[in-house]
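Note sheet for the following structure.
The values are calculated or read from the model by the stated rules, or taken from the named source; none is laboratory data. None of these values were measured; they are calculated from a predicted model. Heads up, the Cβs are rebuilt from the backbone with ideal geometry, glycines too, and the neighbour counts pull from every protein chain shown.
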Amino acid sequence: MSGHFWRSGALPAAMGSLGSLGAQAVMALFLLRLFEPQAVGIFSVIAQVAFGLATLALAQSPMSLLANQHLPALPAARQALLASLRRWVWLAPLAALALWWSARGTSGGNWLTACAWALTIGLTQMACLLAQSLSLRIHSPLSIAFVRLVPPVLAATMAGVGALWLDWRSSNVLTAAALSGYAAGALWLSPLLQSDRSTTQSLSVSAQADQRSERLKFLHTLSDVFVATALAVHWTSVYGAAEAGCLLVLLRVMGFVPALVSTAWAQVVLSRPLARRPSSALAALAGCVSIWALGLTIGYALQAGWLSARWSGLEAFVWPVALWQTGACLIASASHRPFRHGRSVSYTRQCMALNAVQMALVFVPPMLGWPMQLHLWTLAGSLGLALSVQAIWASQLTPKNVPL
């Protein structure tokens with residue numbers, strides 16, 4: 001097994017992501033112990049809308065930057081950033097509309113303030129996500145780790161200082177912390193301000209490429225963002241900010257595990273297409289074990305009284321979300337394979353079909369008068385199963401001239 005794969009990419013990305021996971025865990029404890037459920041719910045909706053804005057503006061540019069190794073890194077990243085900024089401008093009204101829809105179900109917060117937070121957080125998060133992919137192409141191993149570690153550490157530190165030392169416990173403290181973290185991560189895009197270097201290298205790897213059209217990538221991203229944002233804002237509108245806070249904070253905490261698998265495994269595999277490495281099954285196993293360990297830890301914390309009684313409703317959400325995110329871990333560990341074996345178009349169409357199913361599962365049950373718990377288990381169980389089936393499909397793709 002080549003040590004280059006680990007030293008130059010996988011290990012720094014994993015260490016940075018694990019440190020980020022630790023910071024996210026600390027942030028989750030702050031959310032649960034130091035802030036009211038309503039404040040967490042408002043912050044979670046703003047954060048989800050901002051993430052949707054950033055993701056849609058990027059239109060999967062970070063993945064294309066890694067998959068298309070035949071293109072020089074700096075010109076490709078600069079072009080992706082400029083295109084993303086243009087999309088951010090004309091997508092901003094949609095983010096404002098989503099926040100207005102969410103505000104119908106809660107009396108807290110100010111809509112215009114929430115819009116300002118979401119737009120600025122979305123802008124900096126967009127730059128931070130692109131910087132993480134660019135770091136795998138041009139930066140040192142230390143930078144690969146720090147671009148993943150610094151944003152959540154800074155955000156958790158600011159939230160803790162604001163709540164513990166300054167006694168600021170509104171949602172504005174959380175949004176300011178998130179904004180500062182993403183802005184720090186965006187600093188790793190500074191090489192784009194320089195002129196192109198003659199040493200910039202590209203790699204021709206015929207078996208690996210993002211074969212999707214720009215239109216298909218945008219539609220895929222649009223469906224991802226729309227369904228995730230719809231879950232956040234519609235759950236708030238139907239069940240209230242406190243119940244939405246329980247669901248969204250667990251999705252934020254547990255959802256970081258499949259994100260870690262994607263960052264520390266799938267993205268590194270795409271950025272190191274010729275390196276030898278172990279099976280993706282190890283990454284899938286590690287992710288699933290982490291999800292269920294998190295579920296047990298949260299359940300024990302609730303039983304032991306470590307969390308405020310205000311969060312007693314969280315217990316009903318733990319295992320449905322764990323089931324959902326288990327499937328997400330499985331597909332995250334294999335998400336590089338469609339790009340490596342010429343099936344990126346089929347993969348995108350599958351993802352869009354799954355998003356359509358999720359959209360129906362979000363909106364239809366409340367119309368039928370289902371209780372929240374039945375709605376939650378149906379949504380989580382169906383998506384966990386569907387993602388697992390998709391992971392099996394990806395794992396069975398026949399390799400050509402690259403390792404499993």
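Overview of values
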| item | result |
| --- | --- |
| Filter result for Ala77 (surrounded by fewer than 20 Cβ atoms within 10 Å (Cβ to Cβ), at negative phi, part of a helix (DSSP H, G or I) and in contact (Cβ under 8 Å) with a residue 40 or more places away in the chain) | no |
| The one condition in (1) outside any helix (DSSP H, G or I); (2) touching a residue at least 60 places away in the same chain (Cβ under 8 Å); (3) not polar (S, T, N, Q) that Asp167 fails to fulfil | (2) |
| Near pairs, Cβ below 8 angstrom, 6+ apart or cross-chain, from region 347-358 (surrounded by fewer than 20 Cβ atoms within 10 Å (Cβ to Cβ) and hydrophobic (A, V, I, L, M, F, W, C)) to any residue that is assigned to a helix (DSSP H, G or I) and modelled with pLDDT under 95 | Cys351/His220; Cys351/Ser223; Cys351/Asp224; Met352/Leu219; Met352/His220; Met352/Ser223; Ala356/Ser223 |
| Tabulated pairs, region 10-36, first in contact (Cβ under 8 Å) with a residue 12 or more places away in the chain, second surrounded by fewer than 21 Cβ atoms within 10 Å (Cβ to Cβ) and polar (S, T, N, Q), C-beta under 8 angstrom, 6+ apart or interchain | Leu32/Ser308; Arg33/Ser308 |
| Among (1) within 23 Å of Thr263 (Cα to Cα); (2) surrounded by 19 or more Cβ atoms within 10 Å (Cβ to Cβ); (3) of a type outside the set (S, T, N, Q) - the single one Ala95 does not satisfy | (1) |
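Residues are listed down the side, and each one gets a yes or a no for (1) modelled with pLDDT of 85 or more; (2) farther than 19 Å from Cys329 by Cβ:
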| site | (1), (2) |
| --- | --- |
| Ala241 | no, yes |
| Cys246 | yes, yes |
| Arg252 | no, no |
| Arg272 | no, yes |
